[in-house]
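The values are calculated or read from the model by the stated rules, or taken from the named source; none is laboratory data. Predicted model only: the values in this text are computed from it and were never measured. As a convention, Cβ positions derive from the backbone with ideal geometry for all residues, glycine included, and neighbour counts pool all protein chains shown.
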Amino acid sequence: MFDLIKSLCELPGPGGDEWAVQEFLSKRWSPRLQTLRTTPVGNLIAHLGGSGPRLLVAAHADELCYVVKHITPDGFVFVTNGQRDERQQPSLRGPVLVPWGQPALIRSATGPVEGIFATLTGHILTEEQRQKTQPDWNDMWIDIGAYGRDEVVARGVAVGDRVVWNTSTRRIGQNAYGKAMDDRVALAVMDCLVELLDRDRLAYEVFFASTVQEEIGLVGAESIVQDVNCELAVSLDVGLVGDVPGVDQRDASARLGAGPIIVHKDLSNYSRPLTLSLMSAAREAGIPVQPAVFGLYGSDSSMFTRKGLQAALVAVPTRYTHSPFEMVHLDDVENTVRLMKHFLEAKP
């Protein structure tokens with residue numbers, strides 16, 4: 001499981017440029033599935049078969065990203081947020097971690113270009129700069145080791161290129177951490193299910209989807225409803241936990257190693273019957289799960305609900321979300337596979 005998660009997480013898949021992830025899945029799924037297609041917006045859809053109500057299981061391929069907005073004459077690359085950014089400024093303690101000091105990967109048209117997210121530091125700062133507590137996007141840049149704009153351009157970098165964190169995926173005991181656990185860990189769950197599901201026992205006509213541009217506003221999920229025409233949907237995503245210092249347990253009681261999270265509500269209300277069916281499947285299989293209600297959170301199932309589907313959300317507990325060191329417990333990932341397998345194979 002760790003090797004699969006590592007392979008998926010280390011792929012670059014910024015919003016609007018998820019092709020590396022979709023191609024990885026296509027190569028793994030095509031020998032095992034008869035029907036596999038990519039929609040014009042980039043969603044990857046697989047038909048697993050089965051009979052009964054049509055059910056979509058979805059996870060998103062995109063990860064948090066930045067976008068190149070300017071290249072200076074002396075060869076520094078300035079970026080802005082690749083997601084929705086109503087404030088138009090980075091936040092030191094906000095939804096996305098300020099990336100200072102993190103390795104960067106620019107997805108240029110001619111290939112990947114490595115660099116580092118940099119800012120003024122230490123002795124060179126003026127007193128006025130030291131006093132600035134709220135950074136803006138012009139307070140950081142990417143240093144790719146170039147000495148002039150022409151060198152940057154020669155390496156293929158251009159305005160509009162996506163940029164992702166370029167951290168590796170590591171393991172500490174049963175915990176794995178790195179970038180893009182959101183939502184590659186859920187794609188790892190789906191990949192295991194493609195191999196493990198008994199198609200003759202499926203209680204639904206099952207479709208799998210790897211969606212695009214979730215982080216920018218559930219874009220892929222909005223169009224996939226018309227492409228698949230399902231009645232039911234279950235999104236797989238990462239879930240919020242409170243097992244670290246500074247979190248009120250009344251606000252986030254889930255923890256790593258205690259099983260998948262079944263989300264009853266976040267910014268959307270999810271289908272009560274479908275959610276209870278997932279809870280019942282967990283009890284029948286003896287799988288520990290954590291029911292939860294999230295505050296500032298949304299998923300592809302929010303869009304599925306708006307589009308008229310009965311939708312539910314199953315999440316892998318994750319520490320440090322929207323950072324380059326998102327952390328999951330491998331037992332939780334395995335138990336999410338077990339839960340979804342039992343839920344989908346309800347026929348005796």
Original post:
Which residues, counting only those in the range 36-83, are of a type in the set (Ser, Thr, Tyr), more than 28 Å from Thr275 (Cα to Cα) and out of contact with any helix residue (DSSP H, G or I) (no Cβ under 8 Å at 6 or more places or on another chain)?
Top reply: Tyr66
Original post:
Could we say that Ala282 is over 19 Å from Asp251 (Cβ atoms), hydrophobic (A, V, I, L, M, F, W, C) and crowded, with 17+ Cβ neighbours inside 10 Å here?
Top reply: yes
Subject >> Selection count where residues are of a type outside the set (Gly, Ala, Ser) and in a loop (DSSP other than H, G, I, E, B), scope the range 262-286 >> reply: 3
**OP:** Return the total of residues in the range 277-333 being out of contact with any Leu (no Cβ under 8 Å at 6 or more places or on another chain), within 23 Å of Leu267 (Cβ to Cβ) and of a type in the set (Lys, Arg).
**Re:** 2
**OP:** May I ask you to verify whether Asp17 is among the acidic types (Asp, Glu), closer than 24 Å to Met303 by Cβ, modelled with pLDDT of 95 or more and touching a strand residue (DSSP E or B) at 6+ places or on another chain (Cβ under 7 Å)?
**Re:** no
Subject >> Filter result for the condition that a residue is closer than 20 Å to Glu23 by Cα and either among the small types (Gly, Ala, Ser) or surrounded by 19 or more Cβ atoms within 10 Å (Cβ to Cβ) (or both), over Val238, Val212 >> reply: Val212
Original post:
List pairs: first in the range 287-310 and in a strand (DSSP E or B), second basic (Lys, Arg), Cβ under 8 Å, 6+ apart or cross-chain?
Top reply: Gln290/Arg255; Val293/Lys265
**OP:** Please work out if Gly259 is small (Gly, Ala, Ser) and not in a strand (DSSP E or B).
**Re:** yes
Original post:
Do any residues in the range 133-153 that are of a type in the set (Gly, Ala, Ser) have Cβ atoms under 6 Å from those of residues that are surrounded by 15 or more Cβ atoms within 10 Å (Cβ to Cβ) and in a loop (DSSP other than H, G, I, E, B), where the two are at least six apart or on different chains, and which pairs are they?
Top reply: Ala146/Gly75; Gly148/Gly75
**OP:** Working carefully through the options Ala176, Ala154, Ala158, find the one that is of a type in the set (Gly, Ala, Ser) and out of contact with any strand residue (DSSP E or B) (no Cβ under 8 Å at 6 or more places or on another chain).
**Re:** Ala154
Original post:
Taking the range 56-99 as the search range and keeping residues that are within 30 Å of Asn229 (Cβ to Cβ) and at pLDDT below 90, which one is surrounded by the fewest Cβ atoms within 10 Å (Cβ to Cβ)?
Top reply: Arg84
Original post:
When the residues of the range 110-126 are filtered to those that are β-branched (Val, Ile, Thr) and within 15 Å of Ala154 (Cβ to Cβ), which remaining residue is nearest to the chain's Cα centre (by Cα)?
Top reply: Val113
